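Beneath this line is the structure, given in structure tokens, with notes to follow.
The values are calculated or read from the model by the stated rules, or taken from the named source; none is laboratory data. Note that the structure is a prediction, hence the values are computed from the model and not measured. Note: ideal-geometry Cβ built from the backbone for every residue, glycine included; neighbour counts use all protein chains shown.
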Amino acid sequence: MNTTMNTTIAAASGLVLVAVLSACSPAGDDTSQGQPPATGDLPVVDVYDITETPSVSDMALDITQTTMNLGGGALDRYLYTVAGDDAVYGAGRPIVVDAGDTVRLTASNATDTPTNIHWHGMNVPNDQDGPGIRIEPGASHDYEFTATSPGTYWYHSHERPVRDQVDEGMYAPIIVRDPIDASYDLDQVLVLDDWMVAGATGRTEAVGEVDTVNGRTGDDIDPIEITGGEIAKLRLINASTARTQQMSFPVGVRVTHTDGAPLVEPYTTRELAIAPGGRYDVELAPTGGEDETVTITNERDDGMVIPVRYTAADATAAASPFVAPEPTPLDPELLTRTPDVEMTLSSTMGSAGVAWTINGETFPDAETFDLELGTTYVMRFRNSDVYQLDHPMHIHGTHFRLLTESGSPVAEEVWKDTVSIPAGMYVDVAITFDEPGTWMAHCHILDHEDGGMMTTIDVA
Ligand SMILES: [Cu+2]
């Protein structure tokens, strides 16, 4: 694996040239009269292109209900938005701040259901984390915390049933910028999701049939525009409540961050499997002598297609501004230690449908854990689910380091807040909490979380 700072990614030769789109009309603002706004009618300004977006740390957020056209159907959904703002945020209002900023946000609940906000992946004080707060309809709540670590995060409801709230749109990106991010020619957030417009396609989970990128679908998905010699930072967020997004890139992209955490050893790939709740930051720096439009796609034949419009230039590939962190020493004892905490993930058929369990019980009856502040523990997630489903486990309040997968050491230093536990496998992680409080641990397939696959870790 290449660790040189200025590694660049050249376009693979032999790329199939997709017809270059000419005279492409911008996303229209000619809303059909009498119809709810279609996602294609969202403003021409791409609010998820944050290259020039100023950092704003004091803000008001309205949690609203609205109707949109999506994939040919009218969709009732929730929306994180701003009162009086003309922009329609198809994937919620992005928050963009600088590392070290104190975020002050007043969230007003204009929906008819209680809700709250969880800052997924962000190390915030326990009383700001979300699950312990309830914002009643018509009420508001002030959140305040310091955005300590730069990275790609998202914020979403953690009010049960969490699946209903998140699946129907109670989420948005929150980006904590590193000063070096200003060196990218393009800084683009890509929120991936699927929506149930006609109905669910999943067996036991809410899997929608309409795939979206930043709340748009089909031909309405904004293209990524890039010229030879430029370098883009793409921040991929999987907001799907149940589906792992299997992303394919037209050229190699360089992965710099997992779940907001910088990689000691960035790597180049053309495939990324992003579990629900997970994020990857990648760099795209194509070169080549001909204009062409290629696509970033997911695994579905009729899924998301993100056009990449490449303009040729007589330029060498751009150097990456990314600076990899120094490796964190790993105590080898952690690799062989009997786990301090073990969570066995499974499911049983109960009278009310499938019960999703941790150590044989469902939340709030599942085994809880008492851990000491600042102590490093080995935590094992064992997937014994008879349904042979992967379970992406998310821990609040900290990141953890991957140690082993079914006993095999993870070769690279990787930190995550959400890790997919493949069916029949077990994954050991090293975890240290630096903030006291009661923290949630749960599957981020939110049907499973609501169905019981959640517990708490008390840190003192
Ligand atoms: Cu699960």
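Looking only at region 107-122, residues that are among the hydroxyl-bearing types (Ser, Thr, Tyr), assigned to a loop (DSSP other than H, G, I, E, B) and in contact with a strand residue (DSSP E or B) (Cβ under 7 Å, 6 or more places away or on another chain) come to 1 in all.
Ala317 fulfils the conditions (1) within 25 Å of the chain's Cα centre (by Cα); (2) of a type in the set (Gly, Ala, Ser); (3) buried (at least 18 other Cβ atoms within 10 Å of the Cβ) except for a single criterion, (1).
Is it true that Val166 is among the β-branched types (Val, Ile, Thr), within 16 Å of the chain's Cα centre (by Cα) and surrounded by 18 or more Cβ atoms within 10 Å (Cβ to Cβ)? Even if it seems obvious, please write down each step before you answer.
Numbers: among the β-branched types (Val, Ile, Thr): yes; within 16 Å of the chain's Cα centre (by Cα): yes; surrounded by 18 or more Cβ atoms within 10 Å (Cβ to Cβ): yes.
In short, yes.
Show me the strands (runs of 3 or more DSSP E) found entirely inside region 184-269 where at least 1 residues are closer than 24 Å to Ala423 by Cβ and under 18 Å from the mean Cα position of the chain (by Cα). Working first, answer last.
Details: elements: 186-195, 210-213, 224-227, 232-238, 245-258.
Hits in region 184-269: 186-195, 210-213, 232-238, 245-258.
Within region 391-417, how many residues turn out to be among the β-branched types (Val, Ile, Thr) and within 15 Å of Pro262 (Cα to Cα)?
If we filter region 391-417 for residues that are among the β-branched types (Val, Ile, Thr), which is where we start, we get 395, 398, 404, 410, 414.
Of the ones still in play, those that are also within 15 Å of Pro262 (Cα to Cα) are 398, 414.
Selection size over region 391-417: 2.
Exactly one residue among Thr287, Thr244, Thr311, Thr295 is in contact (Cβ under 8 Å) with a residue 60 or more places away in the chain, closer than 19 Å to Tyr171 by Cβ and surrounded by fewer than 22 Cβ atoms within 10 Å (Cβ to Cβ), and that residue is Thr244.
Might you let me know whether region 366-382 holds any residue that is closer than 16 Å to Ala275 by Cβ and modelled with pLDDT of 95 or more? It would help to see each step written out before you state the result.
Just the residues of region 366-382 that are closer than 16 Å to Ala275 by Cβ, to begin with: 381.
Next, only the ones that are modelled with pLDDT of 95 or more stay: 381.
The answer is yes, given that some residue of region 366-382 is closer than 16 Å to Ala275 by Cβ and modelled with pLDDT of 95 or more.
Inside region 167-216, residues that are free of Cβ contacts under 8 Å to residues at least 40 places away in the same chain and of a type in the set (Ser, Thr, Tyr) make up a count of 1.
Among Val410, Val414, which is out of contact with any Phe, Trp or Tyr (no Cβ under 6 Å at 6 or more places or on another chain), among the aliphatic types (A, V, I, L, M) and more than 13 Å from Leu335 (Cα to Cα)?
Values: Val410 fails: more than 13 Å from Leu335 (Cα to Cα).
Every option except Val414 fails the conditions.
Within region 417-434, the set of residues being of a type outside the set (A, V, I, L, M, F, W, C) and more than 16 Å from the ligand (Cβ to nearest atom) comprises Asp428, Thr432, Asp434.
Restricting attention to region 435-452, does a residue exist that is in contact with a Cys (Cβ under 7 Å, 6 or more places away or on another chain), within 16 Å of the ligand (Cβ to nearest atom) and not in a loop (DSSP other than H, G, I, E, B)?
Going through region 435-452, the residues in contact with a Cys (Cβ under 7 Å, 6 or more places away or on another chain) turn out to be 449.
Cutting the leftovers down to within 16 Å of the ligand (Cβ to nearest atom) gives us 449.
This time we only want the ones that are not in a loop (DSSP other than H, G, I, E, B), so: 449.
The answer is yes; a qualifying residue exists.
With respect to (1) touching a strand residue (DSSP E or B) at 6+ places or on another chain (Cβ under 6 Å); (2) farther than 29 Å from Ser149 by Cα; (3) of a type outside the set (Lys, Arg), the lone exception for His442 is condition (2).
When residues of region 333-359 are filtered for being under 19 Å from Gly452 (Cα atoms), among the aliphatic types (A, V, I, L, M) and more than 16 Å from the ligand (Cβ to nearest atom), how many remain?
Step one: list which residues in region 333-359 are under 19 Å from Gly452 (Cα atoms), which gives 341-359.
From what's left, among the aliphatic types (A, V, I, L, M): 341, 343, 345, 349, 352, 354-355, 358.
Next, only the ones that are more than 16 Å from the ligand (Cβ to nearest atom) stay: 341, 352.
Going through region 333-359 one residue at a time, the tally reaches 2.
If you go through region 376-421 and keep only what is over 26 Å from Asn123 (Cα atoms) and not in a strand (DSSP E or B), you end up with Ser384, Asp385, Val386, Tyr387, Gln388, Leu389, Ser406, Gly407.
Among the numbered conditions (1) closer than 15 Å to Leu75 by Cβ; (2) out of contact with any helix residue (DSSP H, G or I) (no Cβ under 7 Å at 6 or more places or on another chain), the only one that Ser183 does not meet is (1).
If you go through region 229-283 and keep only what is out of contact with any Asp or Glu (no Cβ under 7 Å at 6 or more places or on another chain) and of a type in the set (Asp, Glu), you end up with Glu271, Asp281, Glu283. Look at (1) buried (at least 22 other Cβ atoms within 10 Å of the Cβ); (2) touching a residue at least 60 places away in the same chain (Cβ under 8 Å) and you find that Thr115 fails only one, number (2). Whenever a residue of region 360-386 is more than 16 Å from the ligand (Cβ to nearest atom), its partners that are part of a loop (DSSP other than H, G, I, E, B) and of a type in the set (Lys, Arg), lying with C-beta atoms within less than 8 angstrom and at least six residues away or across chains, give the pairs Val378/Arg337.
Out of Asp301, Asp331, report the one residue that is in a loop (DSSP other than H, G, I, E, B) and free of Cβ contacts under 8 Å to residues at least 40 places away in the same chain.
Numbers: Asp331 fails: free of Cβ contacts under 8 Å to residues at least 40 places away in the same chain.
Of Asp301, Asp331, the one residue that is in a loop (DSSP other than H, G, I, E, B) and free of Cβ contacts under 8 Å to residues at least 40 places away in the same chain is Asp301.
Inside region 124-135, residues that are at negative phi, in contact with a His (Cβ under 8 Å, 6 or more places away or on another chain) and part of a loop (DSSP other than H, G, I, E, B) make up a count of 3.
Ser408 meets each of the listed conditions (1) within 16 Å of the ligand (Cβ to nearest atom); (2) loosely packed, with under 15 Cβ neighbours inside 10 Å apart from (1). A single entry from Thr362, Thr368, Thr297, Thr357 fulfils the requirement of being closer than 29 Å to Ile221 by Cβ and not charged (D, E, K, R): Thr297.
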